[in-house]
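Student: I am attaching a structure below and will ask some questions about it afterwards.
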Amino acid sequence: MGIALALLGAASAALFAGIGSAIGVGRAGQAAAGVVTEEPSQFSRVLILQLLPGTQGIYGLLIAFIALSQLGLLGGQANTSMSVGTGFMYLFACLPMAFVGLVSAMMQSQAAVASIGLVAKRPDQFGKSMIFPAMVETYAILALLVSILALNGIPA
Amino acid sequence: MSVLPMKHMILCAKRQDRKSILELLQRSEAVEIISREDDENDEVFSKIDVSQSSQLYSKNAAQADKALEILNTAAPEKGSLLSAFAGRTPITLSEYETNVSKRDSIMKDVNEILRLDKELVEAKADIPRITTQLEALTPWEGLEVPLSFTGTKKTAAFIGTIPETISESEIAEALAGYAPEVSAIDVNVINGQDNLTSVLISCMKSDKDAVEDALRRMNFQRPPISDMIPAKQREAYETELAVAADRINSTTEEIASYGDKRDDIRFIADYFRMRAEKYDVLGTLEQSKRTFVIEGYVPEMYAASLEKELSDRFEVSVEMQDPAPDEDVPVLLKNGSLAKPVEGVIESYSMPGKGELDPTTPVACFYYILFGMMLSDFAYGALMSLSTFVLIKKLKNMEQGMRKTLTMFFYCGLGTMLSGILFGSYFGDAPTVIAKTFFGIDLEIPKVIDPLNQPMKMLVVCFAIGLVHLFAGLGINLYTAIKDKRYVDAISDSILWYLLVGGLILFGLTTDMVCGMFSMSKIPAPLGNIGKVMAIIGAIGIILMGGRESKNWFKRILKGFYALYNVTSYLSDLLSYSRLLALGLATSVISSVFNKMGSMVAGTPVLGVVFFILIFLVGHTINLGINALGAYVHTNRLQYVEFFGKFYNGGGRLFTPFATKTKYFKIKEDN
């Protein structure tokens, strides 16, 4: 039972953060494709902006991977007799990344779409346009940090 | 490491030298020309309207570009992957002159290519038209009279289609039903398919109307008229099709035969672009009957040589003045080789405003370190440095901007290698995994700090770097204030903050909470007391000085408290540096995911190694790409938001000289 809860935590970090990034990169991709139809030379710039909401998915993977390896589910010995309490600890430790990952990726994609519009009109402002989506990402990074620290703090 | 001082140049010369002087300035790329509003009342000087010639040249350039595009579809050029970095080809002034003399014949070629392309488009449009006609003939395959055949002297013939699948006898029956008085009728089904039956029906001429009426009731429809027998008609269409295909081939070949003229056309496109640019500038100049005036900004370091060259070659009057304090002078930066690559980062934020220092050098110092910590893998750094180094050495003609960017990534790669060694990361944990999987050895990579297993320790390192970064920013603020002799600002905006933030941190390190969190040993209590005093002095000072622009003391103190509230921004700024840890971990964890995946399949005999190498290559390429992007974006963010937030406003205008804005060639001065 405990290990199932822990696995739920690991899976939801990858799951929700991944969903958020998929939605985010998809939205930004639509905007980017629109710009490239008019301005093919802007491809590399809008591609970078499109990829920005993609990092949450990677952070989710990171948390899932750390949790899985601590649980011994990656080729080690899985602790099947884990207590429910410990299982919940893993679950809760993963939640910040799961939820903040989901929402921040979606919100970041809106900033990315706006920035893609900015680059389309003023390609010289690329440096600044990158910063707006990166501001949103701060919160995903903070959530990632909390999840990592919590996972590391769970007593074995 | 500085903003270059500028001179305000006023040049007056004879109108007959106008073209040569403009060309000299354009090639020297040292002058930014100022355009003034036209003064209506000025009777001596006025501007001339050049929009027509400038438009004509732009149009020619656009035509040449179009021709190049056509050439590229007809005869694609073998370009290497590196050509994107290669930059413009240099040509000498004499080569330039030779090419200019050929411009009419080159333009003729351009027009010829455009004409051929039009022909090609027409030929291509023919193919679907003929194909449609051919398809319309299909139901009439086997008919031995032309479609326009209406009968002989005595008989009437009806050729057409009935919109259903129907047999000869059924048609005859139906006709007999609708027109019972007609006796002699001959029904031939020529083709029947897909609910469409094409028929040839003949009858006596006297029965023509009755049969026609009956057929109408059966929804009989006549085909488009044609005088040819369908089989012949088909042949004719097929020949037409072949001719069109031939025409496409031959036209394409003919276009492709201009392939060796590509460089000429490129040249002519550049040539007209340059002339258009020159004419645009010409339109902004004040001219009298015999003279003209150019006003502009010249970087001081070029001013003397430019003045000399101008007065040696022409009869001119050149005045180089110091710009007035209220002038909007453009900004050009000059930096040493280590800092120069980062100029692009400054440019894309904003150039230094009036009186501001050039922040390039401090930004560069931190840029390479911060980037390195985020990518943090020796092998990735080595790959980055190596590939950018090879590109820079191999492609001599690379554009300045591209060279700067690549050089920046070269140094970033060095930073990445350094932090890779500190964290013991070489393609993540690849050496350990490979040693274990293939050789059964337990290999321990030496590392100074292990971010994955000691995240709190690593976090402290990140915050320490962040603190240095922020205090460096504050330090520049201090330096600028002292340099401008604004001593009150220096104390209240920088020193007091040093005291407050530094004191708070010292004090924090003596508390159980902070030390417990980072599992550090407490520093001695006296130091903490010193910190406490520093923080209190800082806080009181900020309350008193934060609102010093207000005369009213009550307001001033309130504003001071608000300024003190800013201490929270230091907390959030500092926390922001936790991204160094997060992104560093992202690199190492994802590489270990790929290494692990590789080691899982590596057990398969023989193929195992191949699978391992495949997963290794693909996985690490993706990881390097994604994380290099992340490191680039977040390094910029730390510089723009956290670092610049402490001292830099920008708002300056980039120096954009009157230059040859060409696409393909760069003209060198002969000497």
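Student: Any idea which of B:Tyr368, B:Tyr426, B:Tyr380 is of a type in the set (Phe, Trp, Tyr), farther than 30 Å from A:Ala150 by Cβ and away from every other protein chain (no Cβ under 14 Å)? First the steps, then the outcome.
Tutor: Details: B:Tyr426 fails: farther than 30 Å from A:Ala150 by Cβ; B:Tyr380 fails: farther than 30 Å from A:Ala150 by Cβ.
Among B:Tyr368, B:Tyr426, B:Tyr380, only B:Tyr368 is of a type in the set (Phe, Trp, Tyr), farther than 30 Å from A:Ala150 by Cβ and away from every other protein chain (no Cβ under 14 Å).
Student: Looking at segment B:325-336, which of its residues are over 24 Å from the mean Cα position of the chain (by Cα), in a loop (DSSP other than H, G, I, E, B) and in contact (Cβ under 8 Å) with a residue 60 or more places away in the chain?
Tutor: Listed by number, the residues that qualify are B:Glu327, B:Asp328, B:Val329, B:Pro330, B:Asn335, B:Gly336.
Student: Determine if segment A:61-84 includes at least one residue that is within 11 Å of the chain's Cα centre (by Cα) and closer than 30 Å to B:Val345 by Cβ.
Tutor: Yes, that holds for at least one residue.
Student: While we're here: Among the numbered criteria (1) among the hydroxyl-bearing types (Ser, Thr, Tyr); (2) free of Cβ contacts under 8 Å to residues at least 40 places away in the same chain; (3) closer than 17 Å to B:Tyr57 by Cα, which single criterion is violated by B:Ser257?
Tutor: With respect to (1) among the hydroxyl-bearing types (Ser, Thr, Tyr); (2) free of Cβ contacts under 8 Å to residues at least 40 places away in the same chain; (3) closer than 17 Å to B:Tyr57 by Cα, B:Ser257 is out only on (3).
Student: Hey, could you check segment B:624-671 for residues that are closer than 30 Å to B:Thr480 by Cβ and among the polar types (S, T, N, Q) and say which is nearest to the chain's Cα centre (by Cα)? It would help to see each step written out before you state the result.
Tutor: Filtering segment B:624-671 down to residues closer than 30 Å to B:Thr480 by Cβ leaves B:631-657.
Now restrict to residues that are among the polar types (S, T, N, Q): B:635-636, B:639, B:649, B:656.
Details: B:Thr635: 20, B:Asn636: 18, B:Gln639: 22, B:Asn649: 26, B:Thr656: 20 Å.
Result: B:Asn636.
Student: Taking segment B:620-647, which residues are over 25 Å from B:Leu406 (Cβ atoms) and buried (at least 17 other Cβ atoms within 10 Å of the Cβ)?
Tutor: Step one: of segment B:620-647, the residues over 25 Å from B:Leu406 (Cβ atoms) are B:641-642, B:645-647.
Correct list: B:Glu642, B:Lys646, B:Phe647.
Student: Let me ask another. Among the residues of segment A:36-48, is there at least one that is assigned to a helix (DSSP H, G or I) and touching a Gly at 6+ places or on another chain (Cβ under 8 Å)? Walk me through it before giving the result.
Tutor: Step one: of segment A:36-48, the residues assigned to a helix (DSSP H, G or I) are A:36-38, A:40-48.
Applying the additional criterion that residues be touching a Gly at 6+ places or on another chain (Cβ under 8 Å) yields none.
So far as segment A:36-48 goes, no, none of its residues is assigned to a helix (DSSP H, G or I) and touching a Gly at 6+ places or on another chain (Cβ under 8 Å).
Student: Which is in contact with a Pro (Cβ under 6 Å, 6 or more places away or on another chain) and not aromatic (Phe, Trp, Tyr), of B:Glu95, B:Glu23, B:Glu37, B:Glu29? Lay out the reasoning, then the answer.
Tutor: Numbers: B:Glu95 fails: in contact with a Pro (Cβ under 6 Å, 6 or more places away or on another chain); B:Glu23 fails: in contact with a Pro (Cβ under 6 Å, 6 or more places away or on another chain); B:Glu37 fails: in contact with a Pro (Cβ under 6 Å, 6 or more places away or on another chain).
When all the criteria are applied, what remains is B:Glu29.
This table checks each residue for (1) within 20 Å of B:Tyr565 (Cβ to Cβ); (2) outside any loop (DSSP other than H, G, I, E, B); (3) out of contact with any Pro (no Cβ under 9 Å at 6 or more places or on another chain).
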position	(1), (2), (3)
B:Asp489	yes, yes, yes
B:Trp497	yes, yes, yes
B:Gly502	yes, yes, yes
B:Cys515	no, yes, yes
B:Lys522	no, no, yes
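Student: Test each condition in (1) modelled with pLDDT of 85 or more; (2) touching a strand residue (DSSP E or B) at 6+ places or on another chain (Cβ under 6 Å) for B:Glu286 and report the one that comes out false.
Tutor: Failing condition for B:Glu286: (1).
Student: Looking only at helices (runs of 4 or more DSSP H) that lie completely in segment B:345-448, which have at least 3 residues being surrounded by fewer than 20 Cβ atoms within 10 Å (Cβ to Cβ), under 26 Å from the mean Cα position of the chain (by Cα) and in the same structural domain as B:Ser588 (by TED's automatic domain parsing)?
Tutor: Per the criteria, B:378-394, B:400-423.
Student: Are there any pairs with C-beta distances below 8 angstrom linking a residue in segment B:539-559 that is of a type in the set (S, T, N, Q) to a residue that is modelled with pLDDT of 85 or more, with the two at least 6 apart or on different chains, and if so which?
Tutor: Correct list of pairs: B:Ser550/B:Arg556; B:Ser550/B:Lys559.
Student: Among the residues of segment B:394-408, write down those that are modelled with pLDDT of 85 or more and over 14 Å from B:Glu343 (Cβ atoms).
Tutor: Step one: of segment B:394-408, the residues modelled with pLDDT of 85 or more are B:394, B:402-408.
Scanning segment B:394-408 gives a single hit, B:Lys394.
Student: With the requirement that a residue be of a type outside the set (Gly, Ala, Ser) and buried (at least 17 other Cβ atoms within 10 Å of the Cβ), what does segment B:191-203 give you? First the steps, then the outcome.
Tutor: Quick first cut of segment B:191-203, residues of a type outside the set (Gly, Ala, Ser) only: B:191, B:193-197, B:199-201, B:203.
Listed by number, the residues that qualify are B:Thr197, B:Val199, B:Leu200, B:Ile201, B:Cys203.
Student: Go through segment A:109-150 residue by residue and tally those that are facing another protein chain (nearest Cβ under 9 Å) and either within 30 Å of A:Ser69 (Cβ to Cβ) or among the aromatic types (Phe, Trp, Tyr) (or both).
Tutor: 11
Student: State whether the residues of segment B:325-340 include one that is modelled with pLDDT under 85, farther than 30 Å from B:Asp49 by Cβ and of a type outside the set (Phe, Trp, Tyr). Working first, answer last.
Tutor: Filtering segment B:325-340 for residues modelled with pLDDT under 85 gives B:325-328.
Still in the list and also farther than 30 Å from B:Asp49 by Cβ: B:325-326.
Right, trim to of a type outside the set (Phe, Trp, Tyr) and you get B:325-326.
Checked against the condition, which is being modelled with pLDDT under 85, farther than 30 Å from B:Asp49 by Cβ and of a type outside the set (Phe, Trp, Tyr), segment B:325-340 yields at least one hit.
Student: Also, quick follow-up: Looking only at segment A:66-88, count how many residues are surrounded by fewer than 20 Cβ atoms within 10 Å (Cβ to Cβ) and facing chain B (nearest Cβ under 9 Å).
Tutor: Matching residues across segment A:66-88 total 3.
The values are calculated or read from the model by the stated rules, or taken from the named source; none is laboratory data. Since this is a predicted model, take the numbers as computed values, not measurements. Cβ atoms come from the backbone with ideal geometry, glycine included; neighbour counts cover every protein chain shown.
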